[in-house]
Amino acid sequence: MDTPITRAEHNEFCKRLEEENQRQNKRLTACEEATKQIQSLTISIQKLADNMEIMCKTQEAEGKRLAELESRDGEMWRKVVGYVITAVIGIIVGFVFTQLGLS
């Protein structure tokens, strides 16, 4: 360090430092923007997951209600079929008894 640098060398060194600082500032700004976008995306994904969970619970409840409604129709249909079968058997038994002369 016995030889001092010239003013021009010093100015050139300062200029290079300023350029490096500007490049680093641009990189930091880009990183900050990317971080903001990632954070926004994370929040959106969390909201989507919450909505999906609510929709799943709603769909399960609707599935239970639908099964209950379908079973009601099935029970009614079974009752109607039972009544029709009972009536047909009654008619057949009545016809047989009339043929045998029991009534």
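The values are calculated or read from the model by the stated rules, or taken from the named source; none is laboratory data. Values in this document were obtained by computation on a predicted structure and should not be read as measured data. Here the Cβ positions follow ideal geometry from the backbone for every residue, glycine too, while neighbour counts run over all protein chains shown. Areas reflect the complete protein model, heavy atoms only, side chains present, ligands, DNA and RNA absent. Shrake-Rupley method; radii C 1.70, N 1.55, O 1.52, S 1.80 Å.
Among the residues of the range 1-59, those that are of a type in the set (D, E, K, R) and under 36 Å from the mean Cα position of the chain (by Cα) comprise Glu32, Glu33, Lys36, Lys47, Asp50, Glu53, Lys57.
Rundown of residues vs (1) touching a Lys or Arg at 6+ places or on another chain (Cβ under 7 Å); (2) among the acidic types (Asp, Glu); (3) surrounded by 10 or more Cβ atoms within 10 Å (Cβ to Cβ), yes/no style:
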residue: Thr6; (1), (2), (3): no, no, no
residue: His10; (1), (2), (3): no, no, yes
residue: Cys14; (1), (2), (3): no, no, yes
residue: Glu19; (1), (2), (3): no, yes, yes
residue: Gln24; (1), (2), (3): no, no, yes
residue: Thr29; (1), (2), (3): no, no, yes
residue: Glu32; (1), (2), (3): no, yes, yes
residue: Ser40; (1), (2), (3): no, no, yes
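Report yes if Glu70 is modelled with pLDDT of 95 or more and open to solvent by 90 Å² or more (accessible area, probe 1.4 Å), otherwise no. So Glu70 fails the test.
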